[in-house]
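S.K.: A single structure is presented below for examination.
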Amino acid sequence: MTSKQRFRLILAVLMLGFVGAFASGRAWYWLLCLPLPMTFAEVDRNRDGVVSFIEASYVSSSGTREVQQDGRRCVEYYALKDGLPLKVVCPP
Ligand SMILES: [Ca+2]
């Protein structure tokens, strides 16, 4: 295999990965939600197995507030758009 063929193969694999990442919704999850303590399944709000841009944007536009849960001080992540809770993270 020549270096030119190797370059084309690598480029094709990268492009396939790029398209696959957007098709599966992984790209929106990685780009917008990775800093948050949310799993892919938690960001996939309609549970169709794909994180859309709208879902990732909804979750990534979030704020935090302190809440009490079982006598512990926890952090609740909530959507800035409507104030609905997204996830509660408590210390172990
Ligand atoms: Ca979805």
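None of the figures in this text is laboratory data; all of them are computed from the coordinates on show. Here the structure is a predicted model, which is why all the values come from computation and not from measurement. Counting neighbours? That spans all protein chains shown, and the Cβs are built from the backbone with ideal geometry, glycine included.
S.K.: Just from its helices, what would the mean residue ellipticity at 222 nm be for the chain, if runs of 4 or more DSSP H residues each count -39500 (n - 2.57) and the sum is divided by every residue, rounded to the nearest 500 deg cm²/dmol?
M.R.: Roughly -11500 deg cm²/dmol at 222 nm, from the helical runs in the chain.
S.K.: At 0.36 nm per residue, minus the direct Cα-Cα distance, what do LEU11 and ALA41 gain on full extension? Give it in nm, one decimal, please.
M.R.: Difference between extended and current length: 7.8 nm.
S.K.: May I pose another question? Strictly under 4.7 angstrom between C-beta atoms: which cysteines of the chain have no such partner?
M.R.: Result for the chain is CYS33, no neighbouring Cys Cβ within the cutoff.
S.K.: Could you work out the equivalent-ellipsoid semi-axes for the chain, taking the square root of 5 times each eigenvalue of the Cα gyration tensor, largest first, in whole Å?
M.R.: 37, 14, 10
S.K.: So, one more: Quick check: the angle from helix 3-24's long axis to the longest principal axis of the chain, C-alpha only, nearest 10 degrees?
M.R.: 30 degrees
S.K.: Scan the chain and report its longest stretch carrying no trypsin sites (Lys or Arg not before Pro) that are both in a DSSP loop and have at most 13 other Cβ atoms within 10 Å.
M.R.: Longest stretch, sites excluded: 1-46.
S.K.: Find the centroid of the Cα atoms in segment 64-89 and in segment 31-55, then give the distance between the two in whole Å.
M.R.: Taking the Cα centre of segment 31-55 as reference, the centre of segment 64-89 is 17 Å away.
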